[in-house]
Amino acid sequence: MWILLVLPIVAYILVHIASSRIKSQSKYLRNVPGKKPFLIFGNLLDFLPGSIVFLDNLMGYLKTYGDTILFHDGLFSWMLVSTDYEFNEFMHSSSVHIEKSNLYHFFHGWLGQGLLTSFGSKWRNHRKVITHSFHFSILQQFIGSFDGVGDNLLKKLESEAGKDSVEISQLISLYTLDVICEAAMGVKIHALDSGNSQYVKSIKDMCNIVADRIFSYLSPRLYMLTANYYKEKRALRIIHKHVDAVISQRIEEHNQKAKKSESSQADDFGVKKRLAFLDMLLDARIDGKPLSRKELRDEVNTFMFEGHDTTSSAISFALFAIATHPEVQEKLFDEQTQIFPSDWKSAHASHKQLMEMKYLDMVIKETLRLYPPVPFYGRKLAQDVDFKGTLYPKGLTVFLFPYGCHRSAKYFPEPEKFIPERFENWTGKLPYAYTPFSAGPRNCIGQKFAMLEMLAIISKIIRKFKLAPARPEHEMQLAGETILISKNGVNISLEKRL
């Protein structure tokens, strides 16, 4: 009986709150189109199947309502979604609106206040000191890691050669995890050989948990009542314990090296020995102070996340595109045999040779256009914004959508076709329409590292194998989660080159 009395009161309160909010923000968001929200669900009913329909539905909204729309993700919550070039330019180039949206809070247990999730002075200070770690002269030192781990990947792929269908994304993911562990922490975890280790499994668990939370309709306040909460706690204990142990070891080694002369840290040719990103962070100073243990761990975990799944996604989709476009593969192989005329099958590429792979570079860029590893990202407006006569309120979530921009005929003719040659003379054209690594102040700090890694491993694979579509032909089910994935895997076939 009491429920019958309470329900009308609750309904009245909700309606009053909604009407008060609408009235208080009546000057904002005028004439911004979008699908009409349905009661308390907003537009969420269209997205009940989850990430598998997210990209297509959002693309449908933009096609129906315009380049900048309002998406209602609840009764009291909405966000701006835009593929408008000028608005993207405004947001990307802004040094004011750099705070990430609330979706990134789901990463905080794992990444803390690392470069991906922080903002303000903390982000600026860390960005400044970490930028030096990605100087091209330092990146060249990691080619050995790409090569060594790449040889191990080729051995794994050899055992799959000749099969009608091979799911490659899991192997590629283990390859990129091995590479980034060596680069970020200077340790080998042999993920390709022991992919079920607790640390590797925990990394995978965290990626899945964050993706689940992004598409969950459950209030974050109730998260502690779910099984995922306890699964996350277990995964984070393992991840943090591993990273903390590596940090302690590297600090001890770092202190011992500091006692030696500078010359002892160089090889016979006077070139400094290869350092992991962690080693460089240990030398970093902000206002004269070294980074704390917590700051070191947050940045290492951020390197692990951003340098692992995103690169894995791009490599997997690139191999799929090459396998399904034989004319592209033929041009790629011709380029490889020109660069390695005598020993193309087993040659180890130098940095100079990687830079000569112009057509492979275009293939990678076209892959990143059709399959951007981060298909969307959110920002939060730091202040009211008056843009083209529309006033957007402080605190509004802005959903930047490179997947949508990259597939727009306004910017790319025949956008659904895989045409690497479109990047032959792309430099300088519409930089804010093509943003696979974001753009502006918050662009991806590791993009040159990622491009170098992709050039190195795809070159090795193309020289070793001829790729072809899976039998029967595989149709990927794209899903936008923490990264762009194919829900049903990435399947191709491989044949060893003679």
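The values are calculated or read from the model by the stated rules, or taken from the named source; none is laboratory data. Note that this is a predicted model, so its numbers are computed, not measured. FYI the Cβ positions are ideal-geometry reconstructions off the backbone, even for glycines, and counts take in every protein chain you see. Note: accessible area is taken over every heavy atom of the protein model, side chains too, but ligands, DNA and RNA are not part of it. Shrake-Rupley method; radii C 1.70, N 1.55, O 1.52, S 1.80 Å.
Toward the positive end of the charge dipole of the chain, about the Cα centre and with charges on Cβ (Lys, Arg +1; Asp, Glu -1), which of F87, G395, L171 goes farthest?
Towards the positive end, the residue furthest out is G395.
For segment 394-492, state which GluC sites (Glu not before Pro) are in a DSSP loop and have at most 16 other beta carbons lying within 10 Å of their beta carbon. List each step's numbers first, then the result.
Values: sites: E416, E421, E424, E453, E473, E475, E481; in loops: E416, E424, E473, E475, E481.
Answer by residue number: E416, E424, E473, E475.
What does the charge count around T324 come to, taking other residues whose C-beta lies under 11 Å from its C-beta (Lys +1, Arg +1, Asp -1, Glu -1)?
Charge balance in the 11 Å sphere: -3.
Name the residue farthest towards the positive end of the dipole of segment 415-476 from the options M454, P431, F418, assuming +1 on Cβ of Lys and Arg, -1 on Cβ of Asp and Glu, about the Cα centre.
So the residue furthest toward the plus end is M454.
Anything over 19 Å Cα to Cα? Flag those among K365/K429; K155/K352; K128/K289, in the order listed.
K155/K352
Let's see if you can work this out: charge +1 on each Lys and Arg Cβ, -1 on each Asp and Glu Cβ, no other charges. What is the dipole magnitude of segment 292-347 about its Cα centre, in debye to the nearest 20?
The dipole of segment 292-347 has a size of about 240 debye.
Using a Cα-Cα cut-off of under 12 Å, which aspartates and glutamates could be cross-linked to K27, ignoring same-chain neighbours fewer than 8 residues away?
D384, D386
Count the net charge of all other residues whose Cβ sits under 15 Å from the Cβ of R237, scoring Lys and Arg as +1 and Asp and Glu as -1.
Its environment carries a net charge of +3.
With +1 on each Lys and Arg Cβ and -1 on each Asp and Glu Cβ, and nothing else charged, work out how big the dipole of segment 63-129 is about its Cα centre, in Debye to the nearest 20.
Numbers: 6 positive and 6 negative charges, 96 e Å.
Computed charge dipole of segment 63-129: roughly 460 debye.
Roughly how many percent of the accessible protein surface of the chain is carbon and sulfur, given a 1.4 Å probe and a whole-percent answer?
Within the chain, the accessible surface is 56 percent carbon and sulfur.
Helix-only mean residue ellipticity at 222 nm, the chain, DSSP H runs n ≥ 4 weighted -39,500 (n - 2.57), per residue, nearest 500. What is it?
Numbers: 18 runs with 240 residues, N = 498.
Here the helix-only value at 222 nm equals -15500 deg cm²/dmol.
Let me check I've understood the local charge: for I445, count other residues with C-beta under 14 angstrom from its C-beta, Lys and Arg +1, Asp and Glu -1. What total comes out?
Values: positive: R124, R127, K128, R442, K448; negative: E299, E306.
With Lys, Arg at +1 and Asp, Glu at -1, the neighbours total +3.
Multiply the residue separation of K163 and I286 by 0.36 nm, subtract the distance between their alpha-carbon atoms, and state the gained length in nm to one decimal.
Extra length from K163 to I286 when fully extended: 38.9 nm.
Counting only protein chains, not ligands or nucleic acids, how are I238, I209 ordered by accessible area (probe 1.4 Å), most first?
Details: I238 50, I209 5 Å².
Order by accessible area, largest first: I238, I209.
Say the cut-off is 18 Å between C-alpha atoms; which of K188/K496; K331/K358; K331/K448; K204/K448; K188/K233; K163/K466 go over it?
Pairs exceeding the cut-off: K188/K496; K331/K448; K204/K448; K188/K233.
What does DSSP give for the chain in terms of the percent of beta bridges that are antiparallel, rounded to the nearest 5?
Approximately 85 percent, going by the DSSP bridge assignments.
Assign unit charges at the C-beta atoms only (+1 for Lys and Arg, -1 for Asp and Glu), then state the dipole size of segment 382-488 relative to its Cα centre in Debye, rounded to the nearest 20.
360
With a 1.4 Å probe and every protein chain left in place, work out the accessible area per residue of the chain in Å², rounded to a whole number.
The answer is 48 Å² per residue.
Can you tell me the alpha carbon radius of gyration of segment 402-498 divided by the globular rule-of-thumb value 2.2 N^0.38 Å?
Compactness ratio reported: 1.29.
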